[in-house]
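Okay, structure first, notes after.
Here, each number is a calculation from the coordinates, and none is a lab measurement. What you see is a predicted model, and the numbers here were worked out from it, not measured in a lab. Cβ placement follows ideal geometry from the backbone for every residue including glycine, while neighbour counts extend to all protein chains displayed.
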Amino acid sequence: MFSRVEQNKVALEIVRQVREAILEGKLHAGDRLPPEKQLLAKFGVGKHTLREAVRALEAMGFISIRKGYGGGAVVLEVDMSTTRDSIANFLHFQNVSVRNLSEVRKLIEPYLARLAAECLNQDSLDALEVCNQECREALRLDQNTSSHEINFHRILADSSGNPVLILILDFVNNVLTDSKRHLQPGTTFSRQVLEAHERILTAVRARDPEGAEAETRDHVCEVEEALEALRIEREEGTKGRRKALGKSSRSSVVKKSAAVLRPASKPVVKHSGGM
């Protein structure tokens, strides 16, 4: 299953081989990797290199290192949070905007709402209602509502049974939550989100696919517009503060320069009286 590796980028090659063995079904969740001595011999590397590769595999979510008797490197099923974090690490450097996220939401979420209106079961309908109730209570207590808002959309995504859509929406909504945390939209925004979720749920309960789809599309557009307006307002506020700070600094410099350049007053010479 494994073979000796070239000396250039050795640890990465070990990671690649183990990852391929997992993805090709040669290793399954719960399987243990061979003992360290066997792996050292198979890959033809030293302990430091092997352990570096094992740490990388653990960080990627492919394996878990278990201590004690019967421990060692155990293959895991990569979970949602690990995958989401990997995507987030990449997109962190791509300057993802609210508009970028909204484009994805407009493509996917109205479809999910339509699907939910067609086939969502009673348990999921009740779960959506609980989300709205918890959001309503959080607003009453002046608490953060983000987790309840995300759960609403997560339930709709989960009901599709499509792991690709579930992953995409999970990632998008978590990044959107980070944006809200930065922009701090306030209570009025949260109330509008709750009202939109209630309209969506009403349409889903009524088994109205077109209505659920339209309400969700309107909701996504409203969120985009509100957050974009906040972003622009914050940027203009930041620019204004910088401009004011720049003027203040220049004024201070001018005053100091004037003080330096101002000629010193001549001393008064007193003459004594007499002839």
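Once both labels are positioned 7 Å from their Cα atoms along Cα-to-Cβ, the gap between Asn162 and Glu233 label points is 3.5 nm. Taking amide H positions as modeled 1.01 Å from N, with prolines and chain starts lacking one, the residues under 5 Å from Ile63 and 5 or more places away or on another chain are Glu58, Leu76.
Multiplying the residue separation of Lys26 and Thr177 by 0.36 nm and removing their Cα-Cα distance gives an extension gain of 50.5 nm.
Remark: the Cα gyration tensor places region 1-94 in the oblate category, a/c being 1.5 or greater and a/b not exceeding b/c. Using only Cα atoms, locate the centre of region 193-241 and the centre of region 31-47, then give the distance between them in Å, rounded to an integer. Between the Cα centre of region 193-241 and that of region 31-47, the gap is 53 Å. A simple spin-label model places the labels of Asp79 and Gln122 3.2 nm from each other, with each point 7 Å out along Cα-to-Cβ.
Can you bin region 82-234 into rounded, prolate or oblate? Criterion: square roots of the alpha carbon gyration tensor eigenvalues sorted a ≥ b ≥ c, rounded for a/c under 1.5, prolate for a/b above b/c, oblate for the rest. Taking the square roots of the gyration eigenvalues as a ≥ b ≥ c, region 82-234 is oblate. Here the Karplus curve 6.51 cos²θ - 1.76 cosθ + 1.60, taken at θ = phi - 60°, turns the phi angles of region 207-212 into couplings of 6, 10, x, 5, x, 4 Hz, with x standing for Gly and Pro.
Classification of region 56-118 by its C-alpha gyration tensor yields an oblate form. The axis ratio a/c (a ≥ b ≥ c) is 1.5 or more, and b/c is at least a/b.
Contact order for region 10-75, expressed relative to its length and based on alpha carbon pairs under 8 Å spaced 6+ residues apart, stands at 41 percent. What FRET efficiency, computed as 1/(1 + (r/R0)^6) with R0 = 41 Å and r the Cβ-Cβ distance, is obtained for Lys37 and Ile87, rounded to the nearest 0.05? Efficiency, rounded to the nearest 0.05: 0.70.
Which FRET efficiency value, to the nearest 0.05, do you get for Arg16 and Ile65 by plugging their Cβ-Cβ distance into 1/(1 + (r/R0)^6) with R0 = 25 Å? With R0 = 25 Å, the Cβ-Cβ based efficiency is 0.80.
The label point for Gln192 and the one for Asp218, both projected 7 Å from the Cα toward the Cβ, are 1.3 nm apart.
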